[in-house]
Amino acid sequence: MTNEQIMKIFEDTAYIRTGGSEAELKCAKYLQSLCTAYDPDAALEAFEVDMADIHTATLEYNGESVPCKGYFNAGSREVEAPFYYLTNGDKLSLSYCKGKIVMFDGYLGYWRYQDLIENGAVGFISYDGNANYADCDIDQRELRSYVSKGNKIPGVNINAKSAIDMVNRGADKVKITLRQDEYKGTSHNVVMNLKGEVDETIVFTAHYDSTSLSQGAYDNMSGCIGLLGLAEYFSTHPHKYSMRFIFCGSEERGLLGAKAYTEAHEEELSKFVLNINLDMIGCIMGRFIACCTTENELVTYLNYMSFERGFQVDPYQDVYSSDSTPFADKGVPAVSFARIAPNNTATIHNRYDSMTVMKAEHMAADMDFIIAFTDRMANAVRCPVKREIPDNVKEKIDKYLARKR
Ligand SMILES: [Zn+2]
């Protein structure tokens, strides 16, 4: 893949494409059209996702209204209650949530929501963005169905500047009004195959959806381009193992594409010897990592390969927050490659994730290493990675998927 071809794909996909949206489908069809160069049968696979249209979302306190976005799928209700800023997660702090509208730092994770519900919160406020940035952007968030389990309280997301203001000015009583239509929609995975000498398969994943403010060049059109580069290479180079490429939809909404794929293709999973996942490669700044959701031997192997090729890699054993996890959860060993930029050089899930943080030469260099690694696995007499997830990694997966706290 030439540098021009790499940058052309970034240009062609420089738009927001959230899971289940028309724009996401447009991007799926675009990727499918590129895939047909290597597999004429490249196809879209649909799966169901929760959707919502917000009609009203307001947040008021001390007689003023705060710019906000309502949480998708957090029901339709109006609540007025005392304000409480939950700074710590301990039992004492949580006990003050009762009957309050609670603001908290960071994401609305599974356990955070269970804590709010169990401690009697009646509404919630999250915030994002950065108080030091010029923009006042607010990301569109959702209350995921596996988090709410049908038990919904209304919530809004606000900008960090507004959050500071509310605490600084001592917000007392606050009111949230949320009205929305909730319904089922469709998201898609794009799937292509390169047949090898044997049925056993290496499965590649990269998500192509973005979050609500982001063009998702770094996170993760970069990984999609990586997959296309692999397909291009192995369409003209031998590979003993068969190859399946999955461009996953709705990853940003909770790995929904990879989860849907592993559920719909349960009977094929035993054929998958390894998952290679690309999520955020080729940016200008940052270090290259390989997160191995496998036995620790692969970490050593990648370390040796790094020296051998003179290409710097930091491999480690862990769970990567990406489409590799549903595969590893089903017993398919997975490795995720990424170039992690320092936060002050490139960030994700905001308007600053655009092709300006990307570099074609770094894309090519990262892809070079990934292709070299893949070539060894794909032409091995037997793929050396043990098809078994060690217990310490299983425990990390359980925690990541909120089965364990
Ligand atoms: Zn990503």
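Brief remarks follow.
- Ranked by the mean number of other Cβ atoms within 10 Å per residue, highest first, peptides 223-231, 379-387, 112-120 order as 223-231, 112-120, 379-387.
- Ratio of the Cα radius of gyration of segment 63-171 to 2.2 N^0.38 Å, where N counts its residues: 1.01
- Sorted by Cβ density within 10 Å, fewest first, the residues Ser148, Ser210: Ser148, Ser210
- FRET efficiency estimate (nearest 0.05) - Cβ-Cβ, Cys136 to Tyr96, R0 25 angstrom: 0.30
- Packing around the peptides 279-285, 302-308, 157-163, taken as the average count of other Cβ atoms within 10 Å per residue, puts them in this order, highest first: 279-285, 157-163, 302-308.
- Net lengthening on full extension, Val381/Leu269 (0.36 nm per residue, minus Cα-Cα): 38.3 nm
- Available extension along the chain between Asn151 and Asp314 is 54.5 nm, counting 0.36 nm per residue and deducting the alpha carbon span.
- Within straight-line cross-link reach of Lys394, aspartates and glutamates at Cα separation under 14 Å, skipping those fewer than 8 residues along the same chain: Glu295, Asp318, Asp329
- Two-decimal Rg to Rh for segment 50-92 - Kirkwood Rh, Cα set: 1.04
- Per-residue Cβ neighbour rank within 10 angstrom, fewest leading, Val79, Val49: Val79, Val49
- Distance between the C-alpha centres of segment 1-66 and segment 228-260: 17 Å, rounded to the whole angstrom.
- Taking all Cα pairs closer than 8 Å and separated by 6 or more residues, the relative contact order of the chain comes to 19 percent.
- Among the listed pairs Lys259/Lys399; Lys91/Lys399; Lys69/Lys98; Lys152/Lys173, those with a Cα-Cα distance over 18 Å are Lys91/Lys399; Lys69/Lys98; Lys152/Lys173.
- Projected label distance in nm at Arg405 and Thr56, using a 7 Å step from Cα toward the beta-carbon: 3.7 nm
- Taking the helices alone, the chain has a mean residue ellipticity at 222 nm of -9000 deg cm²/dmol, built from -39,500 (n - 2.57) per DSSP H run of at least 4 residues and averaged over all its residues.
- Secondary structure note: in segment 13-133, about 30% of the DSSP beta bridges are antiparallel.
- Electrostatic bookkeeping for Ser222 treats Lys and Arg as +1 and Asp and Glu as -1; over the other residues with beta carbon under 12 Å from its beta carbon, the sum is -2.
- Proximity of backbone amide H atoms, modeled 1.01 Å from N, is registered between Ala121 and Gly99 at under 5 Å, excluding neighbours fewer than 5 places apart on the same chain.
- Taking GluC sites (Glu not before Pro) across segment 323-405, the ones in a DSSP loop with at most 15 further Cβ atoms lying within 10 angstrom of their Cβ are Glu388.
- DSSP H segments from the chain that extend 30 Å or more along their own axis, Cα-based, with Kyte-Doolittle mean of -0.5 or above: none
- Ranked Arg339, Arg144, criterion: other C-beta atoms within 10 Å, fewest first: Arg144, Arg339
Read the figures in this text as sums done on the coordinates, not as results from a lab. Computed from a predicted model, the values in this text were never measured in an experiment. Every residue, glycine as well, gets a Cβ built from its backbone with ideal geometry; the counts of neighbours run over all protein chains shown.
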